[in-house]
Amino acid sequence: MLWAGKTKLGKVTLVERNRYSWEAAGRAGAADDLAKAKRAVELAAAMADKQLDLFP
């Protein structure tokens, strides 16, 4: 789990050796490196924070 203070950003799990899956802000993906998976979670969370509401 990745946290920013008390807010959960997302989850990174080890799928198999040198393969990580990540989930954040309604998105999911996979990466070959833990650092890349963490960056993907942070990016997805940041993009979700900046996205405009569909119905204000």
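The values are calculated or read from the model by the stated rules, or taken from the named source; none is laboratory data. The shown structure was predicted, so the numbers you read here are calculated from the model rather than taken from an experiment. Heads up, the Cβs are rebuilt from the backbone with ideal geometry, glycines too, and the neighbour counts pull from every protein chain shown. Side chains included, ligands, DNA and RNA excluded: accessible areas come from the protein's heavy atoms. Shrake-Rupley method; radii C 1.70, N 1.55, O 1.52, S 1.80 Å.
Some notes on this structure:
- Evaluating 6.51 cos²θ - 1.76 cosθ + 1.60 at θ = phi - 60° for every residue in region 10-18, the Karplus couplings come out as x, 9, 10, 10, 7, 8, 8, 4, 6 Hz, glycine and proline recorded as x.
- Relative contact order of the chain: 25 percent, from C-alpha pairs under 8 Å at least 6 residues apart in sequence.
- Positive minus negative residues near Ala45 (Lys, Arg vs Asp, Glu; Cβ under 13 Å): +3
- Full extension of the chain between Glu42 and Ala28 yields a length gain of 3.8 nm, computed as 0.36 nm times the residue separation minus the alpha carbon distance.
- For semi-axes √(5λ) of the Cα gyration tensor in Å, calculated from these coordinates, the label among [x] 21, 12, 9; [y] 26, 13, 10; [z] 23, 12, 8: [z]
- Per residue accessible area of the chain, 1.4 Å probe, in Å²: 82
- Surface share of carbon and sulfur [accessible, 1.4 angstrom probe, percent] for the chain: 53
- Formal net charge of residues neighbouring Leu2 (Cβ-Cβ distance under 11 Å; K, R +1; D, E -1): +2
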